[in-house]
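These notes concern the structure reproduced below.
The values are calculated or read from the model by the stated rules, or taken from the named source; none is laboratory data. None of the values given here were measured: they were computed from a predicted structure. Cβ atoms come from the backbone with ideal geometry, glycine included; neighbour counts cover every protein chain shown. We work out accessible area using only protein heavy atoms, side chains counted, and drop any ligands, DNA or RNA first. Shrake-Rupley method; radii C 1.70, N 1.55, O 1.52, S 1.80 Å.
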Amino acid sequence: MNYKLRKTVADAIKKTFKIQNLSLFIRKQKHKVEKLFFRKKFTAKELVDELVRMGLKPGKPVLVHCGMNNFYNYRGTVDELIDELLRAIGPDGTLCMLAFPRDKNNPDKVFDVRNDKSAAGLLTEVFRKRPGVKRSLNKLHSVCALGPKADYIVGEHHLSKICFDKHSPFYKIYELGGIAVSLGLHKANLAACDHVPEALLYDEIAFFHDKFTTPVTFKYIDQDGNSLTHTMLTKSKTPYIRQRSKKFVDDNFDHSKYAIKRFSNIWINVYDVREMVDTLTRLAREGKTIYSYPKFYR
């Protein structure tokens, strides 16, 4: 189904059933059904111990992408989950999470990196407020980090032409051989690092070049209270649809470099970021991407 038809169908459903947020409505209905089948409760330690068995390692930067709205079988606090993640990666590891603000696409809204709440979920907001956490100065895809590599990972994001380029935390995590973890999201979620090849191949492949066409200047307040601006290229208005297919991952990724499983009611994923980015870069050069619409082109 193409983009226009999908949007038409979605708008018709919302109008007929008087639904404001279709995604939220679908998620609530899905939860009602799932709760009949997935009843196993779990703690933060049980979850993180499973992540360790799946490939989470100490001493590395780890980017966590989490949907806690789906954690209805979780028995614990947000802080307990953060504590367990920090325990697993050890003192030499650096924990990272997305932390973009609300209204991130509004160029007139000033982004105060010190005080603006994270709109990337409850886990990220609690993490953002922890002592010692650093936050990247990039309104569209800000990242928070805690650990010995935090300054290096987040320190140049305000220099990015595209949010995922060599100045970005996502590229730095790739460069450092880090790990991406997805919790409670769809089973093929790649925790945002899958966008790094788009920046790397921006000048090489037309499809990626056409994804970032509009320069937008954003306003910021940095950690020291200074006001500044930063111009980035943002997404084009041309629609594109991502594949959310585990088959794409299974067919193309090195099976020793990732793990995906259902844990209670949630999907949990652990990826080697270097393997992920290198594989997606190679596939793009071969004419294959994670996007199903519009069709890939050079």
Assess whether residue 150 counts as being under 19 Å from the mean Cα position of the chain (by Cα) and within 16 Å of residue 191 (Cα to Cα). no
What are the residue pairs meeting all of these: first residue in the stretch 177-192, first residue open to solvent by 10 Å² or more (accessible area, probe 1.4 Å), second residue aromatic (Phe, Trp, Tyr), Cβ atoms under 6 Å, and 6 or more apart or on different chains? 187/267
Just checking, how many residues over the stretch 99-130 are within 17 Å of residue 222 (Cα to Cα) and not charged (D, E, K, R)? 9
Quick check on the stretch 239-261: of everything there that is open to solvent by 70 Å² or more (accessible area, probe 1.4 Å) and within 22 Å of residue 175 (Cβ to Cβ), which residue is farthest from the chain's Cα centre (by Cα)? 256
Among the listed residues 229, 217, which satisfies the condition of being β-branched (Val, Ile, Thr), without any contact (Cβ under 8 Å) to a residue 60 or more places away in the chain, open to solvent by 30 Å² or more (accessible area, probe 1.4 Å) and outside any helix (DSSP H, G or I)? 229
Could you list, ordered by first residue, the pairs with Cβ atoms under 8 Å in which the first is in the stretch 145-164 and within 19 Å of residue 180 (Cβ to Cβ) and open to solvent by less than 40 Å² (accessible area, probe 1.4 Å) and the second is among the β-branched types (Val, Ile, Thr) and assigned to a loop (DSSP other than H, G, I, E, B), at least 6 apart or interchain? 145/133; 146/133; 150/133
If we scan the stretch 262-274, do we find a residue that is crowded, with 17+ Cβ neighbours inside 10 Å and either free of Cβ contacts under 8 Å to residues at least 40 places away in the same chain or on the phi > 0 side of the Ramachandran plot (or both)? yes
